[in-house]
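Have a look at the structure below before the remarks.
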Amino acid sequence: MRSRTGVFVGNLLFSAVCLSAAPFFLLVGCTAWSDDPGWGWPALLIGFGLAGTITIPVVAFTSTRQEFPRITRRDRVKGERMPYGDDAFVMWSPWNQQGSTQAQLVRADVLEASLVRYSPDGEATFTTHYGDYTPDEFTPLIRLRLRVRDAENTDAAAGFEVTGEWRVPSLCLSVITAGRLVVLVGPATPGAERTVTPSWPRSALLAGTRTCRVIDLEGRLSDATRRPRRQLQQMRISREIGGTRMAGDTIDLRHLDPHTAARYAALADRDRAFPEEQAPVSEPGEEARRLADELPGEKGAFGSVGRRWSRRGGVLVRARFLEMRPRTTFQDHGPVLDTVLRIQPADGTPPFDAARRLTVPMNYLTVLHRTKEVVLTVSPNGLSYVVDWARTNLLAGVTEATVIALDGQEIPVTGRPDIIWALMNLLASQGISATTPVLDLRKRRMGAVAGTALHMVRSRAEPGT
């Protein structure tokens, strides 16, 4: 288990090497000052050397905080918790494309997807771009085969197919896995194919990655998440008026002009009278759209365990993303995002919200429509939390998880977070590391927990349990 101290020491040594001239100038300046005190060049060398020497630990500390995803008391949201429900998720993404006034806003289903190119050359360092939220080198190019539906969205078989390559913002990768897009379709022209332009932020709403709620004129709250027909109609209204402001994940009709509010309210009333069934979390055929294996990010594992951490009472807890905001800083394996997490402490005290800037792996972003949970390791004193992406990716289903029983039987547990979570906690409590997604109970070091682990897997796997 990588420790913050180890990361800090590494950064301190690296900073010292890069700024090694500063202590040298300080030493030379002090020597010259002792021979000839005054405000000449010795003082200048001392000032330069002192400033550079002080910079070494400052740079090391700043780099460590950026690289090591630790959450402390200083990251807690001040005052009350964020005004979001436990199932809410707010994504601040690039502005929706308006397109030409003649283009139609319709739904498209993703039939196949494959990675064409993602090749940043940052060598895992932090790269910042000013004024460009989606630079091409950090935006994967994806080849998609789409079934574009007709404007009424009545029949999945209607419409036409189109294949092309599009840049997909990393925050919107999950819409590919979910399989539902919003596209702008240009008018038909003789001898030319109709232009199809995906609208990624709208697609995140249609896919269910972003939650969507509406407060009507009487103050009643309705949920439009994963209700494609209603959402498409809302998007068309919003596009006609140039956009609708969402407060978090909520549209408050009391803040809109009367005509627009009445049109939204009519949709809400119709949904109450004839409720639209929620669309599935992921459309059929997800295996043909899976991008997690093609994009960078930490591979899932049951997790490494520091024996000292385990003996002193370190535990695992789960948290959930409530909010993500893009920034202009990227790493090769994922964007740097401003996030808000709701953390459930291990001691049973009420959950609290923490705002933390994190590098979120690309492969995790591909399943954001399915889960927003992350696994945190908690320090023995309970004062700091560290995001464990290996455990998170296994729990989220980014990596397939397997348990090998004592008789050699392979038991797949992918998509069973309750089983995976129980096994992770069992291993952590016993100080046993399992740094792969395969838990082989036949190994000698598993002897103390093999029986309990096998019972967990088989009892929880039974129908109705």
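Values in this text are rule-based calculations from the coordinates and carry no lab data. The structure presented is a predicted model; accordingly, all values stated were derived computationally and were not measured. No Cβ is skipped: glycine too gets one built from the backbone with ideal geometry, and neighbour counts run over all protein chains shown.
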- Note on the structure: Computed about the Cα centre, the charge dipole of the stretch 265-380 from +1 Lys/Arg and -1 Asp/Glu charges at the Cβ has a magnitude in debye, to the nearest 20, of 820
- List the residues whose amide H sits under 5 Å from the amide H of LEU439, counting only those 5 or more places along or on another chain, with H placed 1.01 Å from N in the peptide plane. THR402, VAL403, ILE404
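Extension gain GLU373-THR244, at 0.36 nm per residue separation less the Cα-Cα distance, in nm? Don't skip to the answer; put the middle values down first.
On the way: separation 129, 0.36 × 129 = 46.44 nm, distance 2.87 nm.
Net length gain for the segment: 43.6 nm.
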- Task: For LEU217, enumerate residues with amide H under 5 Å from its amide H, sequence gap 5+ or separate chain, H modeled in the peptide plane.
- Result: none
- Note on the structure: For the stretch 299-308, in residue order, the Karplus 3J(HN,Hα) values (coefficients 6.51, -1.76, 1.60; θ = phi - 60°; whole Hz; Gly and Pro = x) are 6, x, 7, 5, x, 7, 9, x, 4, 5
- Message: Based on alpha-carbon centroids, what's the gap between the stretch 262-320 and the stretch 343-362 in Å, whole number please?
- Response: 16
- Task: Sort out for me the Cα centre separation of the stretch 366-392 from the stretch 158-220, rounded to whole Å.
- Result: 30
- Item | Long-range amide H partners of ARG357 with built H, under 5 Å | THR339
- Task: Could you tell me which of LEU341, TYR385, TYR364 has its Cα farthest along the dipole of the stretch 335-397 towards the positive end, charges placed at Cβ (Lys, Arg +1; Asp, Glu -1), taken about the Cα centre?
- Result: TYR364
- How far apart, in nm, are two points set 7 Å out from the Cα along the Cα-to-Cβ line at GLU137 and at LYS299? 2.7
- Once phi is turned into ³J(HN,Hα) by the Karplus curve 6.51 cos²θ - 1.76 cosθ + 1.60 with θ = phi - 60°, what whole-Hz value does each residue of the stretch 189-196 show in order, with x for glycine and proline? 10, x, x, 9, 6, 6, 6, 10
- Item | 3J(HN,Hα) from dihedral phi, the stretch 414-421, Karplus parametrisation 6.51/-1.76/1.60, rounded to Hz, x for glycine, proline | 4, x, 10, x, 5, 5, 4, 5
- Message: Can you compute the charge dipole magnitude of the stretch 307-461 about its Cα centre, using +1 on each Lys and Arg Cβ and -1 on each Asp and Glu Cβ, nothing else charged? Give it in debye, rounded to the nearest 20.
- Response: 380
- Query: Under a straight-distance cross-link criterion of Cα-Cα below 26 Å, which lysines are reachable from LYS372, leaving out those fewer than 8 residues away in the same chain?
  - Reply: LYS78, LYS299
